[in-house]
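Coordinate-derived values only; no laboratory data. Everything quoted here is computed from the prediction, not taken from an experiment. As a convention, Cβ positions derive from the backbone with ideal geometry for all residues, glycine included, and neighbour counts pool all protein chains shown.
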Amino acid sequence: METEERRVISPSRVHPSTEETMLRADVVQELLARLERGEGVKRIARELGIDRRTVKRWRQRGAWRRQTRRRRRQIDPFVDFVARRGPEVGWNCMVLHRELRALGFQAGYLQVQRYVQPLRAARQWAAVATVRFETAPGQQAQVDFGQCRVWIGEALEGIHLFVFTLGYSRRLWVRAYPNERLPSLLAGHEGAFRHFGGVPLECLYDNPHTLVLGRPDGRALWHPVFEDFARYYGFTPRACRPYRAQTKGKTESGVKYVKRNALAGRRFGSWDGLNGWLEEWTATVADLRVHGTTHERPIDRFARETLTPLGRRGPYRYERIRVRQVPADALVAIAAARYSVPVRYVGTTVAVHETPTHYEIFHGGERIAQHLKAARHAVVMEPAHYAGLLRPGRSGGVAPPPQWDPAYRPLGQVAIRDLALYAALVETGGAR
């Protein structure tokens, strides 16, 4: 009779844990089947030639699983060093291999690379992950500018969207400006405070160069005018960590929302028309939508937003005043462009007041001209300022032509002579 060949390891010669690793799958299956039929552990062990403890362990496991032993690697004694040193060198394998060799590591660069790769991948989340945090009512607003191009009249204009988002309610205030300079930032804040009727305890920014002049000792150095503005309204400015603008996600999302919802496919007749539409859109669309994070309408959550009331506080006065003397062409030079004033002020001294969007020109306390800001080297002329003069561009000061020259005849006019004169010329042969 042919007997089935089995690989049997004597329990007296092999440690039980080693024996378990050497059992074939079919032996384990038979062992488990006998246990299922109710056979005793001692009998199974005796007939299969294995240790009783092995039978009991397989009974606990319930199925065959390959048991493998991890091979010891040369880098194993240095894993603690790699875990501490890796983040400091940006998980640079070349640096780690060089320093490990100095510590006695004998293997090659590839073993370091294979070991470091999963560690580096496991820590990549730290570079991109952020913790969403919710602010208490009235605690914080997030402020940002976004850029896009919009048709205004016949021109495709670059605009800068000032977006002010209340952290708790997610209500927005949006305004379009031609630039992101300090006057525009201050005007944007002031417009938001007036719109909401109050001021949050703090405002968060993404380190704009207009406001943050530097970071000595890791702290934001704020523009002195903006610091004075923040003290005037009673809020604390805070700056994101450099290169971590995603911590200001509420406003970043708000800017995208304005671009994709309010401005997509729109054309406006003027800047005033653009900003008028943004106000209407905010009140009729943005305030009334159900927010994807809060699952409430911003206008409803705003009822619980505890902003600091403005009270009787008036607008913050920030005006950059320039003094100019009006030249003979009545064009006042401002910021590398020229703007007209009425010609009767030629030779006088005027004061130029700058607002976020306009230049206002005053003489003796009276505003004599107002112009929308133009590009550098532009010439902005109001025709009414030159009333009574030749049109700008033509030479002036030329005397009128003579009116009583007896020899002058207008083009097409023929002198009328007596016919007797022609008869006399015939008789004399044409000589006179």
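Per-structure values
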{"quantity": "Potential extension, T236-F81 segment - 0.36 nm per residue separation minus Cα distance", "calculated": "51.5 nm"}
{"quantity": "Order of D287, D206, D272 under a 10 Å beta carbon neighbour criterion, fewest first", "calculated": "D272, D287, D206"}
{"quantity": "Added length on full extension, which subtracts the Cα-Cα distance from 0.36 nm per residue, D228 to L389", "calculated": "53.2 nm"}
{"quantity": "E279-R101 pseudo-label distance in nm [points 7 Å out on the Cα-to-Cβ vector]", "calculated": "7.1 nm"}
{"quantity": "Efficiency of FRET from Cβ geometry, T293 and R46, R₀ 60 Å, rounded to 0.05", "calculated": "0.30"}
{"quantity": "Added length on full extension, which subtracts the Cα-Cα distance from 0.36 nm per residue, H209 to R71", "calculated": "44.1 nm"}
{"quantity": "Computed FRET value (nearest 0.05) for H353 with V379, which takes r as the C-beta separation and R₀ as 25 Å", "calculated": "0.75"}
{"quantity": "Gyration tensor (alpha-carbon) shape descriptor, region 76-124, a/c threshold 1.5", "calculated": "prolate"}
{"quantity": "Fewest-first sequence of W91, W404, W58 by Cβ atoms within 10 Å of each Cβ", "calculated": "W404, W91, W58"}
{"quantity": "R0 of 22 Å, Cβ-Cβ distance S270-N179: FRET efficiency to nearest 0.05", "calculated": "0.80"}
{"quantity": "Taking T236, T54, T210 and counting other C-beta atoms within 10 Å, the order from fewest to most", "calculated": "T236, T210, T54"}
{"quantity": "Projected label distance in nm at A333 and A121, using a 7 Å step from Cα toward the beta-carbon", "calculated": "6.5 nm"}
{"quantity": "Charged-residue dipole, Cβ positions (Lys, Arg, Asp, Glu), region 140-309 about Cα centre, Debye nearest 20", "calculated": "520 debye"}
{"quantity": "For region 140-309: rounded, prolate or oblate by the Cα gyration tensor [a/c cutoff 1.5]", "calculated": "oblate"}
